[in-house]
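Written below as structure tokens is the structure these notes are about.
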Amino acid sequence: MPKPLAPAVAATLAGAFFLGILAVGNVATRHDRTAQPAVVTDAHGHVPADSQVTASAPHVAPPPLTERPTPGRSTHRPEVQLLRIQVRDVLPHDPEAFTQGLEFHGTTLYESTGLVGRSSVRAGPPGRAPTVRAELPAPLFGEGITVVGDRLWQLTWRDGIAIERDPRTLQERRRVTYQGEGWGLCHQRIAGQERLVMSDGTDRLTFRDPTTFAVTGGISVRQDGRPVTGLNELECAPDGALYANVHPTDTFKRIDPHTGVVTAHIDASALLTPSEQRGANQLNGIAAVPGTDLFLITGKNWPRAFRVAFVPSS
């Protein structure tokens, strides 16, 4: 049995123990009140799993903790606006066109189509037969397109080849290779600079130089903190927003190009009649109509294209 402590010693130790409890309690309370979880993302951005890491309590009393926002990411989640399609006009569309890319340049509508042995790029007035057309030889599978000044870029799906063309004649000028799959493509002017934005079917958008096609950066797209995968056809709108069709759904996302945060969800369903839907594939085509706030949208093997406005859902 231990020897009892002298009364004076016992009192001194008890006081020290009590002060120690108060000090530890103050540190824990301050830490729990101010520490915020930090989101950890995959460096490649290919559908990373969401995880949270919270800093552990320090061994000694630290200065008050402050939140450090993740670079390129807002410290709060803005409300996602719900929009729907309001049809303003209906135009005929080639039902044999397996549409992969759609873009206006002036009054000319450019369209890229897919499938091996049937891929092409076309140009002409919207709703009419194209005035110029170029075929892609097998085994190339055509994907998204965009026009940048005096050049047109066309992606291929799994071939790893981007084709530069003359936008007037559609004649091929050169080929540039890239890693991964090619899905959607658009040309964006932002902060006084120009860049291409490319999708590959994941939540990742890659930025490329419009002349060399070299990678210059990229962002991952999030809605309510979660990755948005299946990003496909893209449109860099004049208002600065980025629009992406989500494969294989009849929806679009409006994306903040600075942060990758989704700012609007757009329901584009029920545009085709039941009989038209039987011969059609997915929605896959969006182009901002110059000089307006409207968009032209269509899909793979759709018999019609629609000039639409995006309006709030009721």
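Top to bottom by accessible area (1.4 Å), largest first, where do Trp302, Trp183 land? Mind dumping the intermediate values first?
Working: Trp302 10, Trp183 40 Å².
The residues order as Trp183, Trp302, largest area first.
At a 1.4 Å probe, what is the % contribution of carbon and sulfur to the accessible area of the stretch 108-172?
On the way: 1310 of 2590 Å².
Carbon and sulfur atoms account for 50 percent of the accessible area of the stretch 108-172.
Compute the distance in nm between two label points, each set 7 Å from the Cα along the Cα-to-Cβ direction, one at Gln81 and one at Ala241.
0.5 nm
Calculate, for the stretch 75-124, the solvent-accessible area per residue in square angstrom, rolling a 1.4 angstrom probe over the heavy atoms of the protein chains.
Working: 2470 Å² over 50 residues.
Counting only protein heavy atoms, the per-residue value for the stretch 75-124 is 49 Å².
If I compute solvent accessible area with a 1.4 Å probe over the protein chains, what percent of it on the stretch 202-305 is carbon and sulfur?
Working: 1860 of 3780 Å².
Exposed carbon and sulfur together represent 49 percent of the surface.
Of the peptides 114-123, 265-274, how do they stack up when ordered by the mean number of other Cβ atoms within 10 Å, highest first? Can you show the working numbers first?
Details: 114-123: 19.0, 265-274: 15.6.
Final packing ranking: 114-123, 265-274.
Report the one residue of Val262, Asn232, Asn281 whose Cα lies farthest in the direction of the positive end of the charge dipole of the stretch 199-314 (charges on C-beta: Lys and Arg +1, Asp and Glu -1; origin at the Cα centre).
Towards the positive end, the residue furthest out is Asn281.
Using the Karplus curve 6.51 cos²θ - 1.76 cosθ + 1.60 with θ = phi - 60°, what ³J(HN,Hα) values do you get for each residue of the stretch 282-292, in whole Hz, with x for Gly and Pro?
Ordered by residue, 3J(HN,Hα) equals 6, 4, 5, x, 8, 9, 5, 7, x, x, 9 Hz.
Just how far, in whole angstrom, is the stretch 111-138 from the stretch 188-250 if you go by their alpha carbon centroids?
23 Å
Taking the Cα atoms of the stretch 261-314 alone, what are Rg (to one decimal) and Dmax (as a whole number) in Å?
12.3, 37
Could you give the accessible area per residue of the stretch 195-243, probe 1.4 Å, as a whole number in Å²?
Roughly 32 Å² per residue, with all protein chains present.
Can you give me the relative contact order of the stretch 184-314 as a percent, contacts being Cα pairs under 8 Å and 6 or more apart? Display every interim value, and only then the final one.
Numbers: 285 pairs, mean separation 19.8, N = 131.
Value for the stretch 184-314: 15 percent.
Subtracting the Cα-Cα distance from 0.36 nm times the residue separation, let me have the gained length for Arg174 to Ser313 in nm, one decimal. Walk me through the numbers on the way to the answer.
On the way: separation 139, 0.36 × 139 = 50.04 nm, distance 4.49 nm.
Computed gain between Arg174 and Ser313 is 45.5 nm.
Quantify how much of the Cα-Cα distance distribution of the stretch 102-154 extends past 16 Å, in percent. Please report the intermediate quantities before stating the final value.
Values: 531 of 1378 pairs.
Counting every Cα pair in the stretch 102-154, those more than 16 Å apart make up 39 percent.
Give the shape of the stretch 152-207 as rounded, prolate or oblate, defined through the alpha-carbon gyration tensor: a ≥ b ≥ c are the square roots of its eigenvalues, a/c under 1.5 means rounded, and otherwise the shape is prolate if a/b is larger than b/c and oblate if not.
On the way: a/c = 2.31, a/b = 1.10, b/c = 2.10.
Because a/c hits 1.5 or more and a/b fails to exceed b/c, the stretch 152-207 counts as oblate.
Using only the Cα atoms of the stretch 198-314, what semi-axes does the equivalent ellipsoid have when each is the square root of 5 times a gyration tensor eigenvalue? Give whole Å, largest first. Intermediate results must be reported in sequence, preceding the final value.
Numbers: eigenvalues 121, 48, 47 Å².
Semi-axes (√(5λ), whole Å): 25, 15, 15.
The values are calculated or read from the model by the stated rules, or taken from the named source; none is laboratory data. Quantities reported herein were computed from a predicted structural model and do not represent experimental measurements. So basically every Cβ, Gly included, is an ideal-geometry build from the backbone, and we count neighbours across all protein chains shown. These area figures cover heavy atoms from the full protein model, side chains too; ligands, DNA and RNA do not enter into them. Shrake-Rupley method; radii C 1.70, N 1.55, O 1.52, S 1.80 Å.
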